[in-house]
Amino acid sequence: MDVNELSLSLQKFGLLDKIVFAAMLCSCSLVGLYFGIKDFRKKKSIKTDHDTLNFLMGGRKMKVFPVAMSLIASLVSGVLLLGASTEIYLYGTQYIYILIAIVISSAALHFVMIPMFHKLQIISVYEYLQMRFDRKVRLFGSIMYIISTVLWLPIMLYVPALAFNQMTGISIHKITPLVVAICIFYTCLGGLKAVVWTDVVQITIMYGTLLLIAIKGTMNVGGISEVFEKNIESGRFEAPDMRLDPTIRHTFLTLVIGGSILYTAHNALNQNMIQRYLSLKSVKAARTSNMIYVIGMIIIIILCCYNGLLLYATYSECDPLQTKLAKAKDQMLPLLVMQTFKDIPGLSGVFIAGIFSAALSSISTGLNSSACVVLEDFFKPFRKEKMSERMCTVVTRGTVIILGSIAIALVYIVQHMGTILQLTLSVPTACFGPLFGVYIIGFFLPWINKRATLIGSIVGFITMMFFVLKVQAEMALGYLKFTTKPMSVEHCEYNFTAPSLTISSLVEEKQVTVPSIYQISYLYYTLIGTVLVILVAFLLSFPLGFEDVNKIDQRLLAPFVRRKIQKSNPNPDIFMTSK
């Protein structure tokens with residue numbers, strides 16, 4: 001049997017698999033329908049005019065556990081489920097140290113962002129920027145978020161479509177409109193409540209999927225000892241790499257330092273996440289939800305990494321990437337599922353449901369949060385009259401539909417770019433890095449003024465956008481490559497055509513040298529953007545003038561900065577705003 005015949009024989013997506021997949025999609029739609037009808041009846045019976053607050057914030061009465069599950073589901077997505085496993089298979093276990101970064105970023109959220117934003121009672125996290133600086137800086141932050149979301153959504157959409165294509169042979173461009181249509185339906189109908197409760201269903205499916213793969217896959221290769229033994233022999237188990245070279249893709253310091261900044265920017269100052277914390281009643285509830293989120297993330301990343309070890313234990317003697325049984329790196333886990341569950345009807349459907357659940361949760365989160373930002377930051381501040389509930393409804397639902405449609409179109413571009421895990425963490429960083437720099441100035445550097453901050457943030461964004469797109473272009477052209485762990489095709493039981501290198505291709509590869517600056521680890525991109533904004537803003541403060549810290553509302557500063565200013569200033573009347 002040759003590789004093409006084997007690939008076709010593995011594409012067994014039977015009736016029971018289709019039923020399981022359809023049941024997941026229907027459950028999401030029904031949750032949206034339930035909350036849509038419930039809110040409509042409530043509005044009709046008590047004549048409430050807070051439909052927008054319910055749609056965007058769940059009336060600020062959400063429960064701790066479902067919000068925590070929603071936070072996990074929103075961050076996980078299909079990118080992590082497929083990308084992290086592939087990461088371990090190709091590059092080894094160094095990536096596992098990203099768990100330290102997640103804990104550090106959650107600590108920053110716990111002690112600084114959650115109490116500050118809750119006390120301000122804002123809806124959009126970018127309202128803070130107007131309070132601390134002015135409307136222009138707020139608009140910059142909102143634009144950065146929308147751009148990053150537009151870049152991020154098609155990646156979230158492409159991942160499950162890729163898995164679906166691997167298992168069924170159906171084109172990714174046929175399934176992506178269906179996924180987005182489901183997201184738009186329940187997000188428009190039920191708002192944040194529907195998004196959160198569908199996330200609960202979806203994260204449950206995700207955990208179940210990962211556990212099934214780990215248990216059945218381990219049994220197939222001969223037990224846990226066999227999994228660990230093969231990975232140890234191949235050098236995939238790694239102690240912390242303490243090298244300081246920033247061009248090494250993953251080192252311990254890269255993952256901890258760069259990862260901490262990246263996750264803090266993505267989670268602690270991202271509307272997707274903060275909107276959920278602000279939907280809870282109190283700071284205590286939000287902090288509890290944050291702790292549950294950390295525990296859940298640790299569990300799911302460990303499961304993903306173990307499945308990466310399982311991938312190598314299964315394919316240690318016949319690498320599907322070299323034989324082209326898997327046509328893309330992120331089709332490795334779907335291939336494992338196809339071979340592991342080929343004789344058990346329905347389980348392939350569970351896997352696809354899990355991957356699509358991850359995508360649906362991330363996409364619906366992005367759509368709902370974008371609707372919030374568009375309404376609160378692009379419409380309300382520029383209207384002299386208060387917007388009616390009907391107009392707010394048109395804006396929020398319209399935003400969901402428009403952004404969903406754009407995501408479908410951009411999938412065509414995403415499929416020609418680099419490795420999915422790196423792509424999703426690097427491209428939106430062009431926006432998150434500079435934006436994080438603005439918040440750092442707002443929280444910790446009160447003497448830098450608004451004009452210097454705005455100019456610094458624009459310079460940072462333009463520079464980082466050029467930098468990130470240049471790196472992605474180098475990767476797409478094949479000039480920027482990363483060394484993988486050893487893999488073999490010596491014991492394949494099917495026929496395939498071995499890849500060959502021509503003399504011309506070897507000469508061409510030798511002639512192309514990528515500058516060292518473009519080889520810097522993608523985990524440092526957020527840090528670079530942040531430092532660039534702070535440095536430019538600080539230098540500009542000399543010609544533009546420094547801010548009088550005593551004129552700043554003390555509630556807008558980090559707690560220890562506030563205490564330091566209060567301690568150094570003998571006039572207590574200045575700090576009345578902080579109470």
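The values are calculated or read from the model by the stated rules, or taken from the named source; none is laboratory data. Predicted model, so just to flag it, every value in this text is computed and none were measured. Counting neighbours? That spans all protein chains shown, and the Cβs are built from the backbone with ideal geometry, glycine included. Please note that ligands, DNA and RNA were not included when accessible areas were found on the heavy atoms of the full protein model with its side chains. Shrake-Rupley method; radii C 1.70, N 1.55, O 1.52, S 1.80 Å.
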Worksheet item: Can you pick out the pairs among Lys230/Lys329; Lys450/Lys551; Lys216/Lys342; Lys61/Lys119; Lys38/Lys119; Lys12/Lys324 whose Cα atoms lie more than 22 Å from each other?
Response: Lys38/Lys119
Worksheet item: Once the chain is represented by equal point scatterers at the alpha-carbon sites, with solvent omitted, what log10 I(q)/I(0) does the Debye formula produce at q = 0.08, 0.10, 0.11, 0.12 Å⁻¹?
Response: -0.55, -0.86, -1.03, -1.21
Item to complete: Add +1 for every Lys or Arg and -1 for every Asp or Glu among the other residues with Cβ under 15 Å from the Cβ of Gly456, and state the total.
Response: +2
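Take Glu547, Glu385, Glu127, Glu87 and sort them by solvent-accessible surface of the protein heavy atoms, 1.4 Å probe, largest at the top. Before the final figure, lay out the partial values.
Values: Glu547 70, Glu385 140, Glu127 35, Glu87 5 Å².
Of Glu547, Glu385, Glu127, Glu87, the descending order of accessible area is Glu385, Glu547, Glu127, Glu87.
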Response to the item:
Rounded to the nearest 500, the 222 nm mean residue ellipticity computed for the chain from DSSP H runs (n ≥ 4, each -39500 (n - 2.57)) alone is -23000 deg cm²/dmol
Item to complete: At 1.4 Å probe size, with no ligands or nucleic acids counted, give the accessible surface of Arg249 in Å², nearest ten.
Response: 20
Practice prompt. Grab the other residues whose beta carbon is less than 15 angstrom from that of Gly223, score K and R as +1, D and E as -1, and report the net.
Written response: 0
Worksheet, complete the sentence: Applying a 4.7 angstrom Cβ cut-off across the chain, unpaired cysteine residues come out as Cys26, Cys28, Cys183, Cys188, Cys304, Cys305, Cys372, Cys392, Cys431
Worksheet entry | Listed residues His173, His491 arranged by accessible area, highest first, probe 1.4 Å | His491, His173
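In debye to the nearest 20, how big a dipole does the chain give about its Cα centre with +1 on each Lys and Arg Cβ and -1 on each Asp and Glu Cβ? Show your work: numbers first, answer last.
Working: 50 positive and 33 negative charges, 601 e Å.
The calculated dipole for the chain is roughly 2880 debye.
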Discussion item. Please compute the per residue accessible area over the chain with all protein chains in place, 1.4 Å probe, rounded to a whole number of Å².
Written reply: 41
Worksheet item: What accessible surface, in Å², does a 1.4 Å probe find on Tyr479, ignoring ligands, DNA and RNA and rounding to the nearest 10?
Response: 90
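How large is the Rg to Rh ratio of region 327-386 when both quantities use alpha carbon positions and Rh follows Kirkwood? Can you show the working numbers first?
Values: Rg = 20.3 Å, Rh = 14.8 Å.
Rg/Rh: 1.37.
Under the √(5λ) rule applied to the eigenvalues of the Cα gyration tensor, what semi-axes describe the equivalent ellipsoid of region 113-198? Give them in Å, descending.
Details: eigenvalues 241, 54, 23 Å².
Gyration-tensor ellipsoid for region 113-198: 35, 16, 11 Å.
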Worksheet item: Under the definition of Cα pairs under 8 Å and six or more residues apart, what whole-number percent is the relative contact order of region 211-365?
Response: 28
Item to complete: With a 1.4 Å probe and every protein chain left in place, tell me how much accessible area Lys63 has, in Å² to the nearest 10.
Response: 120
Fill in: Span per principal axis, largest first, for the Cα atoms of region 154-304 (Å)
53, 43, 30
Worksheet entry | Rg over Rh, two decimals, region 233-388 (C-alpha only, Kirkwood Rh) | 1.07
Response to the item:
A student applying the Cα gyration tensor rule (rounded when a/c is under 1.5; otherwise prolate if a/b is larger than b/c, oblate if not) would label region 51-175 prolate
Worksheet item: What part of the accessible area of the chain, given as a whole %, is carbon or sulfur when the probe is 1.4 angstrom?
Response: 66
Worksheet item: Within a Cβ distance under 10 Å of Val196, other residues only, what is the Lys/Arg minus Asp/Glu net charge?
Response: +2
